[in-house]
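Asker: Okay, here's the structure, questions in a sec.
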Amino acid sequence: MAAVPVKVHGPAFSTAVSRVLACLFEKDVPFDLVNVNMAKGQHKSPDFLKLQPFGQVPAFQDGSISLIESRSICRYIAEAYADRGNKNLYGGDTLHKAFIDQWLEAEGQSFNPPSSVLVFQLVFGPRMKIKQDENTINQNKAKLTKVLDVYDKRLADSKYLAGDEFSLADLSHLPNAHYLVTGTDVKELFMERENVGRWWEEISSRDSWKKTVELQKSPPPKK
Amino acid sequence: MATRKLYGCVNSTSTLRALASLYEHEVEFEFFPVDLKNTEVQNTQTFLSLNPFGEEPAFQDGELILFESRAIMRCVFHAYPKPGKEHVYIAPKLQGMAAAWIDVEDHHFNPPASKLVTELVEKPKQGLTPDEAVVGEARSELAVVLDVYEQRLKETSSGFLGGDKFTSADVTHTPNLHYLMGTPLRELFETRPLLNSWCKELLARPSWAKVVDLVNKHTWVSNIIE
């Protein structure tokens, strides 16, 4: 069987890795998931640093090229495999892409900071037996509340963030939101806002996200 | 055709990023300074209706309204190419590799760089003392990032981060570079030869001179860019 050119390096439970996996499923692009044992420091090994010089996951390869940064990787997948899977994931023209980029940036600049702190404090921290910091949790809940208020207003006028169709901008929110909605009391911040709640139900029930969650639950692939 | 409009603050690197992109592509536009502390001002009210997050800049081209400086930058680079000066790649692999460095700037360069600009440029202007501990930590973080950049510039061997030509991956850095090169931390760049050349190249671009001119015209408190 021919080798699969697309490889994603990193554990599926990582939010950044799962962002890329969801995109690959959405675009129906076959790939190999290569485990990186972060507990053993594999992400700082010389071989891994050649692929990702900052020592973070994911690293990504497609044939001869390697890429870093999960949102960039998603944009690349959407462009390079434009005619596969969900063809409108990154818009049809420059204008549409610009709207998607704007909400992708909003995710990265406004949603991601407080939500990743909360994912660490409320989900991963306890698993790693790290003590929770109440002040940090409260501050970031307050920040996330403000962001979700903006989203709720936006989603009153628009089915998805960038328009009437599901796009990379929505997909980019799945990893952090999933952990918060399925495992913490932050779920209420999403579900008590009618439009955000509706949007969350839609995007999280997509096949691509269900497949990603399955991978998160499966044991890591053996090398 | 309706005038294109950019709303922003001249003392913000986000606004400067959008300005640099527009000047680089010789896009005609009108600049509307926004004072976010003064919400009574008409410009500010118009601006707040354009950007639901209330953060500058915002860009309007007819019915197109965009916020987030890097989204504005990406759109300008793709939507307004000049013949012979296309700063994007058509091939997805080449564009993918170039654009990844916009996110690298966003997630690795900007965090320590903007902390240093706050401590070493903005605080002194307000008569405040820089926090040495914050400066020290951010400096160390930035040094690690700049080592990766030096290696990347070695790999592209073009003098540009994204590939074999100037792209948005370069210009996204210019505003922070401009401020940092006016502080003692310029030695972080001057001691890395490829990085030093890259920095000088970006700051010498005619489009950046136009940004500086506009800032000088609109700066009413004190000259923040020499």
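The values are calculated or read from the model by the stated rules, or taken from the named source; none is laboratory data. Fair warning: this is a prediction, and the values are worked out from it, not measured in the lab. Note that we place each Cβ from the backbone using ideal geometry, even for glycine, and neighbour counts take in every protein chain shown. Note: accessible area is taken over every heavy atom of the protein model, side chains too, but ligands, DNA and RNA are not part of it. Shrake-Rupley method; radii C 1.70, N 1.55, O 1.52, S 1.80 Å.
Asker: Those residues that are crowded, with 18+ Cβ neighbours inside 10 Å and in contact (Cβ under 8 Å) with a residue 40 or more places away in the chain, I need them from the stretch A:18-33; list them, please.
Answerer: Taking the stretch A:18-33 and keeping what is crowded, with 18+ Cβ neighbours inside 10 Å, we get A:18-27, A:29, A:31, A:33.
If the condition is that a residue be crowded, with 18+ Cβ neighbours inside 10 Å and in contact (Cβ under 8 Å) with a residue 40 or more places away in the chain, then A:Ser18, A:Arg19, A:Val20, A:Leu21, A:Ala22, A:Cys23, A:Leu24, A:Phe25, A:Glu26, A:Lys27, A:Val29, A:Leu33 are the ones that fit.
Asker: Can you tell me which residue within the stretch B:10-53, out of those that are part of a loop (DSSP other than H, G, I, E, B) and either within 21 Å of B:Asp170 (Cα to Cα) or open to solvent by less than 20 Å² (accessible area, probe 1.4 Å) (or both), is modelled with the lowest pLDDT?
Answerer: Among those that are part of a loop (DSSP other than H, G, I, E, B) and either within 21 Å of B:Asp170 (Cα to Cα) or open to solvent by less than 20 Å² (accessible area, probe 1.4 Å) (or both), it is B:Val34.
Asker: Another one. Go through the stretch A:187-209 and give me each residue that's touching a helix residue (DSSP H, G or I) at 6+ places or on another chain (Cβ under 8 Å), surrounded by fewer than 20 Cβ atoms within 10 Å (Cβ to Cβ) and not in a helix (DSSP H, G or I).
Answerer: Correct list: A:Arg206 only.
Asker: Among A:Phe124, A:Phe120, which is assigned to a helix (DSSP H, G or I), closer than 18 Å to A:Gly183 by Cβ and open to solvent by less than 60 Å² (accessible area, probe 1.4 Å)?
Answerer: One residue alone meets the criteria, A:Phe124.
Asker: Another one. Of a type in the set (Phe, Trp, Tyr) and either modelled with pLDDT under 95 or not in a helix (DSSP H, G or I) (or both) - does that describe any residue in the stretch B:165-179?
Answerer: yes
Asker: From the list A:Leu174, A:Leu161, A:Leu168, A:Leu189, pick out the single residue that is in contact with a Leu (Cβ under 6 Å, 6 or more places away or on another chain) and within 19 Å of A:Ala78 (Cβ to Cβ).
Answerer: A:Leu168 is the lone residue from the list that is in contact with a Leu (Cβ under 6 Å, 6 or more places away or on another chain) and within 19 Å of A:Ala78 (Cβ to Cβ).
Asker: Please find, within the stretch B:122-145, the residue that is most open to solvent (accessible area, probe 1.4 Å) out of those that are among the aliphatic types (A, V, I, L, M) and within 12 Å of another protein chain (Cβ to nearest Cβ).
Answerer: B:Val144
Asker: If you scan the stretch A:127-146, which residues turn out to be modelled with pLDDT of 95 or more, open to solvent by 70 Å² or more (accessible area, probe 1.4 Å) and within 21 Å of the chain's Cα centre (by Cα)?
Answerer: Once the filter is applied, which keeps residues that are modelled with pLDDT of 95 or more, open to solvent by 70 Å² or more (accessible area, probe 1.4 Å) and within 21 Å of the chain's Cα centre (by Cα), the stretch A:127-146 yields A:Lys143, A:Lys146.
Asker: Let me ask something else. For the stretch B:108-121, which residues satisfy the criterion of being within 11 Å of chain A (Cβ to nearest Cβ), buried (at least 19 other Cβ atoms within 10 Å of the Cβ) and more than 24 Å from B:Ser207 (Cβ to Cβ)?
Answerer: Once the filter is applied, which keeps residues that are within 11 Å of chain A (Cβ to nearest Cβ), buried (at least 19 other Cβ atoms within 10 Å of the Cβ) and more than 24 Å from B:Ser207 (Cβ to Cβ), the stretch B:108-121 yields only B:His108.
Asker: Can you give me the number of residues within the stretch B:64-80 that are over 20 Å from B:His107 (Cα atoms) and in a strand (DSSP E or B)?
Answerer: Adding up the residues that qualify gives 3.
Asker: Hey, among the residues in the stretch A:102-126 that are closer than 18 Å to B:Phe59 by Cα and in contact (Cβ under 8 Å) with a residue 40 or more places away in the chain, which one's nearest to the chain's Cα centre (by Cα)?
Answerer: Filtering the stretch A:102-126 for residues that are closer than 18 Å to B:Phe59 by Cα and in contact (Cβ under 8 Å) with a residue 40 or more places away in the chain, the one nearest to the chain's Cα centre (by Cα) comes out as A:Leu104.
Asker: Might you check whether a residue that is among the aliphatic types (A, V, I, L, M), crowded, with 21+ Cβ neighbours inside 10 Å and at the interface with another protein chain (Cβ under 9 Å from one of its Cβ atoms) occurs anywhere in the stretch A:91-100?
Answerer: Yes, some residue in the stretch A:91-100 is among the aliphatic types (A, V, I, L, M), crowded, with 21+ Cβ neighbours inside 10 Å and at the interface with another protein chain (Cβ under 9 Å from one of its Cβ atoms).
Asker: Still on this structure, I have one more. Which residue is nearest to B:Ala79 (Cα to Cα), if the candidates are limited to the stretch B:180-192 and must be open to solvent by less than 40 Å² (accessible area, probe 1.4 Å) and in a helix (DSSP H, G or I)?
Answerer: Applying the filter and picking the extreme gives B:Leu180.
Asker: Quick one: which residue in B:Ala79, B:Ala100 is more than 14 Å from the chain's Cα centre (by Cα), surrounded by fewer than 18 Cβ atoms within 10 Å (Cβ to Cβ) and within 9 Å of another protein chain (Cβ to nearest Cβ)?
Answerer: Answer to the selection: B:Ala79.
Asker: Looking at the stretch B:193-208, which of the residues that are in a helix (DSSP H, G or I) and open to solvent by 40 Å² or more (accessible area, probe 1.4 Å) is nearest to the other protein chains (Cβ to nearest Cβ)?
Answerer: Looking at the filtered set, the residue picked out is B:Leu194.
Asker: Looking at this structure, is B:Val117 more than 28 Å from B:Ala100 (Cβ to Cβ), β-branched (Val, Ile, Thr) and assigned to a helix (DSSP H, G or I)?
Answerer: On the way: more than 28 Å from B:Ala100 (Cβ to Cβ): no; β-branched (Val, Ile, Thr): yes; assigned to a helix (DSSP H, G or I): yes.
For B:Val117, the condition - more than 28 Å from B:Ala100 (Cβ to Cβ), β-branched (Val, Ile, Thr) and assigned to a helix (DSSP H, G or I) - is not met.
Asker: The conditions are (1) farther than 21 Å from A:Pro175 by Cβ; (2) modelled with pLDDT under 95, and A:Phe124 fails exactly one of them. Which is it?
Answerer: It is condition (1) that A:Phe124 fails.
Asker: Restricting to the stretch B:176-200, what's the tally of residues that are over 17 Å from the mean Cα position of the chain (by Cα) and small (Gly, Ala, Ser)?
Answerer: The qualifying residues number 1.
Asker: Does A:Ala80 qualify as being within 30 Å of A:Met128 (Cα to Cα), of a type in the set (Gly, Ala, Ser) and over 14 Å from the mean Cα position of the chain (by Cα)?
Answerer: No.
Asker: Now, a different point. So which residues in the stretch A:49-84 are more than 10 Å from chain B (Cβ to nearest Cβ), touching a residue at least 40 places away in the same chain (Cβ under 8 Å) and open to solvent by 40 Å² or more (accessible area, probe 1.4 Å), if there are any at all?
Answerer: A:Gln61, A:Arg84
Asker: A further question follows. Which of the residues belonging to the stretch B:62-76 are more than 7 Å from chain A (Cβ to nearest Cβ) and either over 21 Å from the mean Cα position of the chain (by Cα) or buried (at least 22 other Cβ atoms within 10 Å of the Cβ) (or both)?
Answerer: Of everything in the stretch B:62-76, those that are more than 7 Å from chain A (Cβ to nearest Cβ) and either over 21 Å from the mean Cα position of the chain (by Cα) or buried (at least 22 other Cβ atoms within 10 Å of the Cβ) (or both) turn out to be B:Gly62, B:Glu63, B:Ser69, B:Ile72, B:Met73, B:Val76.
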